[in-house]
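The values are calculated or read from the model by the stated rules, or taken from the named source; none is laboratory data. The structure displayed is predicted, hence computed values, not measured ones. Please note: Cβ atoms are built from the backbone with ideal geometry, for glycine as well, and neighbour counts cover all protein chains shown.
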Amino acid sequence: MSKRTNLTWAQSPMDLSRSCILIVLCILMVSFVVGGARAKTVVRINNLPYVQPGDTVSIAVSLDSVTAGLDMAGFDFMISWDRRALRFIAAQPGQLLIDCGWEYFNSRADSLDWDGYPATIPVVRVVSLADMANGDNHPTCNATSPGELAILTFEASNHPNNLSRTFGLHFVWADCGDNSMATVEGSFYISDAVFENGSDWAMDTWLPTLRGAPDECSGPGAVREIDFYNGLITMAPSDYVGGSAVSIIGEPYTWLGWPASAQIVIQNHRAPWSSSGFDLLVRYDADGLRLHSVQQGSDLLAWAWEYFQYASDSTEGLVRLVAIGDINNGDVHPSNLIDQECELATLNFMVRNDLANIGRKLSLSFQWIDCGDNTFASAPSGDSLYISGDVYDEYGFLITTDDPFPTTQGAPSECLTATTVRRSVDYYQGFIQVANSNPSDDTDRGDVNLNAVPYEVADWVLFTNYFFYGLSVFNVNIEAQIASTDVNNDGLILTLADLMYFYRIVVGDTEPIWKTGAVDDTVIIIQDTIAHTLSVTYPDSLAMLYLTFDGTMDSLHFESETHSAGYNHDGYATRVLVRPSLNYGGGVPVLPSGFLMDYIGDAMAVSAHAEYDGVNPIPAIVVIGDGAPCCVIRGNINHDPTGVLDIADLVYLVTYMFDLGPAPPCPGEADVNSDGTGDIDIADLIYLVDYMFNGGPPPVPCP
């Protein structure tokens, strides 16, 4: 029942390869042990009850007991750990092997790519043989009594998120040779039980697994004899004395096309450190994330902090956050300044629906461009400036260096210009982890409701509902249901292409998993922002559309004999799905070019996805065109019917330019300087600010 998984070696190959070990074990295998009920052989990863952050720790893999009459002369173990808590350094032979003079010991740090886990799993393979049959030298003893087989050395994370938490170390089976032992006579022994927190959780399942060798590994040459006990480490409790920490805590598990958030928090606060304001600069992975919005932290809101603003550069992937507790605007004051653990802000992203992002760890890092970045003002007077002390990576391991700007490793020493500038804050980087979106088994594909009957109408209906109501429709097993939607087998889940291909399967137009060539034409959705109508232009066949609108749609008017349309507002945007009717006969019905729909409401289309066969992606864009020039008063960014140029227009333009808001309803009116490029850029923003506040020239009149 094995489902083979490839191992990606983290280091270059050593003199020992896996095949060599198996060959040696096969040569040693000359007889098999057959016996009745006996005391088991027990191998245990020892627990560590109290680990200080940043410490170097040694964890023993011990032989607790040996079945009477067995001379264990070799082993092959694979062990994993939680990279949030530990970083592997080395493995050494245990005292039992040293005392007996075993002749071979080696280890290799690996990375295990495992379906169903959001990221690769760190593992170490530890292999040892008592006698290499290399001459007159031989070990003085085999493993016939309890003792240490190996010592694993790790560095413990400094991350304050780990304080008082417990993390596991596990035996891992990637194939049948893992976690096995051999006797001097050549008998080969595998797992019989696997204990997790005192309970046997061994079971017959797919490889790779944490549940022991599956039944396919059993046989006359492999005897079930060994009980394996997983280990635990517990980080020091929350009274650990360290520096005040500012951490980015991102979502550990998300999918392509999903929203994802990250909190910026004060952790492990240490008195007398307190602050009345901050200026933070965060770099995010712009290839994998699109910044949607930034929210003031819940604690700052509760304390009624008086100023919070942010600005972003979507091209560079930068967002700056500035907050001030008290702006001295009268008798109103915040109830509290920063003098305790608290939430400063939440960054809200959308994961870009790009196949290249599957399985990626999308970085979120504090960035230093000058000495004012990532600083806190002392409370209440602001007479001191707190800058970075140490900087740690996303797992809590030290990365501080004295590098010149720009850097993600802390403020350089040149920033220490006065005694009022103090290194008082430790920064911890973060990340958002994108999961592997491939189904675990092709038999799951198309079975969205997980009733073991794929590609039925009920699956189609459930998948369709996702486009209106989101992930809440998956209430059986959300991970498995999401994975099952990769109907066209392109590695992307929850896409309109999958829904279109699903439709074709349901109506009998095609078979599952079918591929053809690419599509070059582009669907153009023409939006009239005045009349609230949409039209479509496309030279080829088109069967399905999925539109996203900023704002709320009150009603939708769509007429077709072959298609239906529905919409839903999810609190952020309005989603519209135009799809073929299931009762249509004669293959896939086509949407004609021309008028598509009209609607009532304060909404504007910002994105479109189009499909015909569910296999070949069709590019789609939304353009604004009402059949007549929309430019009436240049600078009227929000297209206000009054035509007045005011602060609302400036706010609209700033929000749009920082990739946080909708496009201006009329691009011509937003091209304030009318520079001939037609682009809406920083020059237009500067031009408008100069006119409104500095007496500069007015915007060029519309033609």
* Asked: Of the residues ALA193, ALA236, ALA245, which single one is within 30 Å of PHE308 (Cβ to Cβ) and of a type outside the set (Lys, Arg)?
  -> ALA245
* Asked: Given SER145, SER164, which one is surrounded by fewer than 21 Cβ atoms within 10 Å (Cβ to Cβ) and closer than 30 Å to SER244 by Cα?
  -> SER164
* Asked: Condition test on VAL127, is it more than 21 Å from LEU232 (Cβ to Cβ), touching a strand residue (DSSP E or B) at 6+ places or on another chain (Cβ under 9 Å), touching a residue at least 12 places away in the same chain (Cβ under 8 Å) and not hydroxyl-bearing (Ser, Thr, Tyr)?
  -> yes
* **Check on HIS170, closer than 24 Å to ILE59 by Cβ and not polar (S, T, N, Q)** => yes
* Those residues that are free of Cβ contacts under 8 Å to residues at least 60 places away in the same chain and under 17 Å from LEU280 (Cβ atoms), I need them from segment 399-420; list them, please. => PHE405, PRO406, THR407, GLN409, GLY410, ALA411, CYS415
* Structure fact -> Note on ILE327: of the conditions (1) buried (at least 17 other Cβ atoms within 10 Å of the Cβ); (2) farther than 28 Å from PHE405 by Cβ, unmet is (1)
* Looking at segment 280-302, which of its residues are outside any strand (DSSP E or B), surrounded by 17 or more Cβ atoms within 10 Å (Cβ to Cβ) and touching a strand residue (DSSP E or B) at 6+ places or on another chain (Cβ under 8 Å)? -> ASP285, GLY288, GLY297, ASP299, LEU300
* **Among the candidates ILE493, ILE524, ILE530, ILE513, residue that is of a type in the set (Val, Ile, Thr), buried (at least 22 other Cβ atoms within 10 Å of the Cβ) and at pLDDT below 85** => ILE493
* Structure fact -> The condition of being over 16 Å from TRP258 (Cβ atoms), in the same structural domain as TRP258 (by TED's automatic domain parsing) and exposed (fewer than 14 other Cβ atoms within 10 Å of the Cβ) holds, among ASP373, ASP383, only for ASP383
* How many residues, within segment 298-340, are among the β-branched types (Val, Ile, Thr) and touching a Lys or Arg at 6+ places or on another chain (Cβ under 9 Å)? -> 1
* Extreme residue, nearest to ASN673 (Cα to Cα), among residues of segment 593-638 that are at pLDDT 75 or above and surrounded by fewer than 14 Cβ atoms within 10 Å (Cβ to Cβ) -> ASP602
* Structure fact -> How many residues of segment 303-324 are in contact (Cβ under 8 Å) with a residue 40 or more places away in the chain and not in a strand (DSSP E or B)? The answer is 1
* Mind telling me which of the residues SER191, SER187 ends up being touching a Phe, Trp or Tyr at 6+ places or on another chain (Cβ under 9 Å), hydroxyl-bearing (Ser, Thr, Tyr) and under 26 Å from SER58 (Cα atoms)? => SER191
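Residues checked against (1) closer than 23 Å to PRO160 by Cα; (2) within 26 Å of the chain's Cα centre (by Cα); (3) of a type in the set (A, V, I, L, M, F, W, C):
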residue	(1), (2), (3)
VAL351	no, yes, yes
ILE358	no, yes, yes
LYS361	yes, yes, no
PRO380	no, no, no
TYR386	yes, no, no
GLY389	yes, no, no
ILE399	yes, yes, yes
* So TYR546 fits all but one of (1) closer than 19 Å to PHE467 by Cβ; (2) modelled with pLDDT under 85; (3) not aliphatic (A, V, I, L, M); what number is the exception? -> (2)
* Asked: What are the residue pairs meeting all of these: first residue in segment 53-79, first residue farther than 17 Å from ASP227 by Cα and modelled with pLDDT of 95 or more, second residue part of a loop (DSSP other than H, G, I, E, B) and not small (Gly, Ala, Ser), Cβ atoms under 8 Å, and 6 or more apart or on different chains?
  -> ILE59/ASN46
* Name the pairs whose Cβ atoms lie under 6 Å apart, with the first residue in segment 522-548 and assigned by TED's automatic domain parsing to the domain that holds VAL588 and part of a loop (DSSP other than H, G, I, E, B), the second β-branched (Val, Ile, Thr) and crowded, with 17+ Cβ neighbours inside 10 Å, and 6 or more positions between them or separate chains? -> THR529/ILE624; TYR538/VAL523; ALA543/VAL588
* Asked: Say we look at segment 342-359 and pick out the residues that are among the β-branched types (Val, Ile, Thr) and buried (at least 17 other Cβ atoms within 10 Å of the Cβ); which of these is modelled with the highest pLDDT?
  -> THR346
